[in-house]
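Below: one structure, written as structure tokens.
Just so it is clear, none of the values below were taken in a lab; they were calculated from the coordinates. Nothing here was measured: the structure is a model prediction, and the numbers come from that model. A quick note on method: Cβ atoms are made from the backbone with ideal geometry, for glycine too, and the neighbour counts reach across all protein chains shown.
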Amino acid sequence: MTDERSSEMPGLYKLTIDERKKRIQAWAGLSEKEMESYSFAPGIDPMMIDRMVENVVGTFSLPLGIATNFRVNGRDYLIPMAIEEPSVVAAASNAAKVARAAGGFHAQTTAPVMIGQVQILDVADPSGARMRILAQREALLEMANTKDPMLVKAGGGAKDLEVRILPSSRGTMLVVHLLVDARDAGGMNAVNTMCESLAPRLAELAHGRSVLRIISNLAVHRLARASATFPAAALATADRTGPEVVDAILDAYALACVDPYRCATHNKGIMNGISAVVVATGNDFRAIESGAHSYAAFRAVDGGIIAPLTTYETNAVGDLVGTIELPIAVGLIGGATAVHPTAKANVKLLGVRSAAELAQVIASVGLAQNFAALRALATEGIQRGHMELHARNVAATAGARPEEVDAIVAQMIEEHMIRIDRAKEILQLRRGGAAA
């Protein structure tokens, strides 16, 4: 049977939220029970959400967990993490506890400088055009700074220019980088506005035409770094000494350094921690992830494709020392961070006083998460930590009531059969037995 429904809905944006919900309910045949999942949680103003994105019909909730034990630069933090994956919050908390024994995490950031790009084509003399643009550096920076006097007043604003000459399939092009200190903001709006204002003048100086005018998410000037010592004595297991675990972690790390297939998953584990905090604070997790993975490629050496965002080595007494470095362009001003009530509450929970401090905490969480994953991989394997939480999800999906979950989970783990069909079989047997 042909589905003749049309996704063309002219004027959907003009309708109220309730009217939109009725339209999509009729279109998809959603039940009243299913429509309840679109309801707004208490404390969330539907009108505020309606202003954040287009065609709003509800919100999508993620579990919000709190990671404990974090000490960064001598200060304690509770870490809000919005994520759907089991064991991430527990793993971060456990890693922070191990690091805490040696003083916790030590973190730093560079200046919050973002890169805006202006692309210029059809330039007859690229090297000459580069010199003409750089000769007007001061005037161009002054022109850019007129677009955001409040940012300049706060100590930020356009600080420098770079001009790159790039060959391409469309001919040689100039790419002008405008370096903007964004202070406590993410910087997107300020940087984009400045780039758009400079584009005509840059094209005029280059005797070409401007095309793209936009911020880059590869924020190589806005880096966050963190380090921690994980005492070997704290890493011992029932069947391995602490030094043996350290060696196993170093072996696992070495594979990430030489194999892009492993490195991709190594860095994904880092982002489990980082993205969860970025989402919880209302920042742009897509921009952070894009910047992180691009930086991993940017750092690759000797013909490599991608590099780990962390490093591991041992100190003079054999303890494991981990470090992390990546772009983290987060803000406390503007965007969802400034308007979404849950994001605002999470920022208050963190107690961070600047975007730089937030970036330092986020980098520390990324390092903690990566250490926890490597430790699990090098010892009992990654599945053990996931097993019970995953089994609980499977049991609940199979229809187990809260009082039935523990018994079903225990049996599935004992059998090493954590599957929805097995959960349903156990549930049916238990209920049949109870009825008899």
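Could you grab the relative contact order for the chain? Cα pairs under 8 Å, six or more apart, rounded to a whole percent.
Numbers: 769 pairs, mean separation 74.9, N = 436.
Once divided by the residue count of the chain, the mean separation gives 17 percent.
Taking the Cα centre of the chain as origin and assigning +1 to Lys and Arg Cβ atoms and -1 to Asp and Glu Cβ atoms, the resulting dipole is close to 820 debye.
With a Cα cut-off of under 21 Å and a minimum spacing of 8 residues unless on different chains, the lysine pairs in the chain number 4. What translational D, rounded to a whole number of µm²/s, comes out for segment 384-435 from Stokes-Einstein when the hydrodynamic radius is the Kirkwood one over Cα pairs, at 4 °C and 1.567 mPa s? Rounded, D is 122 µm²/s.
Remark on the chain: Rg and Dmax equal 25.9, 91 Å (Cα only). Within segment 29-77, the GluC sites (Glu not before Pro) that combine a DSSP coil assignment with at most 11 other C-beta atoms in a 10 angstrom radius are Glu54.
Taking K and R as +1 and D and E as -1, what net charge do the other residues with C-beta under 15 Å from the C-beta of Val352 add up to? Walk me through the numbers before you get to the answer.
Numbers: positive: Arg71, Arg75, Arg183, Lys344, Lys348, Arg353; negative: Asp76, Asp184, Glu357.
Within the 15 Å Cβ shell, the charges total +3.
Each principal axis of the Cα cloud of segment 12-98 was evaluated for its coordinate range; sorted largest first, these ranges are 53, 25, 19 Å. Extension gain, Asp122-Lys344: 0.36 nm per intervening residue step, less the Cα-Cα distance, totals 75.2 nm. The slack between Lys33 and Leu250, meaning 0.36 nm per residue of separation minus the straight C-alpha distance, is 73.0 nm. May I ask you to derive the FRET efficiency for Arg209 and Glu4 from their Cβ-Cβ distance with R0 = 41 Å, giving the value to the nearest 0.05? Efficiency, rounded to the nearest 0.05: 0.35. The order of the peptides 361-369, 301-309, 405-413, 226-234 by mean Cβ neighbours within 10 Å, most packed first, is 361-369, 226-234, 405-413, 301-309. With N counted as the residues of segment 271-350, its alpha-carbon radius of gyration over 2.2 N^0.38 Å works out to 1.38.
Count neighbours as other Cβ atoms within 10 Å of each site's Cβ, and list the trypsin sites (Lys or Arg not before Pro) in segment 303-364 that are DSSP loop with at most 16 such neighbours.
Details: sites: Lys344, Lys348, Arg353; in loops: Arg353.
In loop regions of segment 303-364 (DSSP not H, G, I, E or B), the sparsely surrounded trypsin sites (Lys or Arg not before Pro) are Arg353.
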